[in-house]
Amino acid sequence: MDLDRTAVLRAAAHALRPGGRLLVVDHGSAAPWSWYQDADTRYLSPQEVAAGLQLPPRTWTIDRADTPRRTATGPDGRTAEVTDHVLLVRRTA
């Protein structure tokens, strides 16, 4: 059975009280040592994840939606630059 990730995130967001925050951190790229190396994989941007949640702007604010890059170290000690996706939304009302 596939998990409806968008529905789960939307339900988590709606469970928040005003002032509550939902933080979603995703992979934005695959490290060279990752077992899953499908060149056709498309990672949703933080903006696309936010749009999919369909949170009304009158009651939600996007505090952060960006794609920081970092140096990661693999199991063999090799390093590579990878991308993360960070989305932080806040319930305002």
task = May I ask you to list pairs of residues, at least six apart or on different chains, whose Cβ atoms are under 9 Å apart, with the first in the range 66-93 being farther than 13 Å from Ser34 by Cα and the second being basic (Lys, Arg) and not in a strand (DSSP E or B)?
result = Arg91/Arg17; Thr92/Arg58; Ala93/Arg58
key: Single residue of Arg90, Arg64 found to be modelled with pLDDT of 95 or more, surrounded by 13 or more Cβ atoms within 10 Å (Cβ to Cβ), basic (Lys, Arg) and under 11 Å from the mean Cα position of the chain (by Cα)   = Arg64
note = By residue number, the members of the range 67-76 that are modelled with pLDDT of 95 or more and in a loop (DSSP other than H, G, I, E, B) are Thr67, Pro68
ask   = What number of residues within the range 57-90 satisfy the criterion of being under 15 Å from Leu9 (Cβ atoms) and either touching a Phe, Trp or Tyr at 6+ places or on another chain (Cβ under 6 Å) or of a type outside the set (Lys, Arg) (or both)?
value = 8
query = Has the range 32-54 got at least one residue that is assigned to a loop (DSSP other than H, G, I, E, B), among the hydrophobic types (A, V, I, L, M, F, W, C), more than 13 Å from Asp84 (Cβ to Cβ) and without any contact (Cβ under 8 Å) to a residue 24 or more places away in the chain?
reply = yes
query = What pairs come up if the first residue lies in the range 5-26 and is farther than 13 Å from Leu88 by Cβ, the second is hydrophobic (A, V, I, L, M, F, W, C) and at pLDDT below 95, and their beta carbons are under 6 Å apart, counting only those six or more places apart or on different chains?
reply = Pro18/Ala93
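The values are calculated or read from the model by the stated rules, or taken from the named source; none is laboratory data. Please read all numbers here as calculations on a predicted model, not as lab measurements. Ideal geometry is used to build each Cβ from the backbone, glycine not excepted, and the neighbour counts take in all protein chains shown.
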